[in-house]
1. Kindly rank 9-15, 145-151 from highest to lowest mean number of other beta carbons found within 10 Å of each residue.
2. At most 16 other Cβ atoms within 10 Å and a DSSP loop assignment: could you name the GluC sites (Glu not before Pro) in segment 122-180 that fit?
3. Heavy atoms only, probe 1.4 Å: what % of the accessible area of segment 1-141 goes to carbon and sulfur, would you let me know?
4. How do Glu30, Glu48 rank by accessible surface area computed with a 1.4 Å probe, from largest to smallest?
5. May I ask for the equivalent-ellipsoid semi-axes of segment 100-180, computed as the square root of five times each C-alpha gyration tensor eigenvalue and listed largest first in whole Å?
6. Computed from these coordinates, which is Cα extents along the principal axes in Å: [x] 45, 40, 33; [y] 65, 41, 23; [z] 61, 46, 36?
7. Find the centroid of the Cα atoms in segment 79-134 and in segment 1-44, then give the distance between the two in whole Å.
8. What accessible area per residue comes out for the chain, rounded to a whole number of Å², with a 1.4 Å probe?
Amino acid sequence: VGYIKILDRDYIELSNLQRQLLFDEKDIEENLPKAIAAKRKLELINSEITIESELVDVNPTNIEGYIKGMDLVVDATDNFNTRFLINDTAIKYNIPWIYGGVLGSMGVVSPIIPGKTHCFRCIMPEIPPSGSVATCDTVGIINAIPHIIGSLEATEALKILSGNYDKVLKGMMYIDIWDN
């Protein structure tokens with residue numbers, strides 16, 4: 001991987017630190033956006049990678065400009081509206097993407113490769129009505145599950161980017177680390 005683009009609209013909060021490894025208390029003191037702090041940390045890990053980061057709310061008016069031309073999109077979002085937007089745009093431009101979601105002690109991963117696998121709308125045809133599903137604000141997130149799901153997403157990304165499509169996860173993987 002030689003190029004990474006990080007897009008996020010949020011700033012780091014104290015409650016993020018127990019589950020988001022790229023951030024620390026100094027980032028909060030500096031009032032850093034997540035995208036900027038993530039870029040700084042990743043550049044310390046590997047200075048040879050080109051990393052762009054932007055504080056932005058990805059929405060229907062700008063998503064095509066961000067996704068078009070990418071080799072892969074990796075989902076680290078926290079809402080269905082953005083995931084549907086990623087899905088529809090990735091399908092339109094024939095770009096693989098990896099859905100990953102966490103809530104409480106549970107997590108899911110599902111690679112979506114246009115024309116080869118299911119799409120996000122195949123799994124969930126419509127956005128759930130507001131307030132009808134639990135959120136991280138209502139039930140929280142156990143600190144280990146984002147790391148597990150992120151690691152699985154990264155592995156699927158490497159399979160896709162290296163052309164090893166026969167090794168890509170077929171379907172969706174579901175994990176509940178509390179109830180095993």
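1. Going by the mean number of other Cβ atoms within 10 Å, highest first, we get 145-151, 9-15.
2. Loop-located and lightly packed - Glu126.
3. Its accessible area is 53 percent carbon and sulfur atoms.
4. Largest to smallest exposure gives the sequence Glu48, Glu30.
5. 24, 18, 9
6. Label [x] holds the value from this structure.
7. 23 Å
8. Per-residue accessible area for the chain comes out at 58 Å².
The values are calculated or read from the model by the stated rules, or taken from the named source; none is laboratory data. In this text, all values refer to a predicted model and were calculated from it rather than measured experimentally. Heads up, the Cβs are rebuilt from the backbone with ideal geometry, glycines too, and the neighbour counts pull from every protein chain shown. The accessibility values were calculated without ligands, DNA or RNA, using every heavy atom of the protein model including side chains. Shrake-Rupley method; radii C 1.70, N 1.55, O 1.52, S 1.80 Å.
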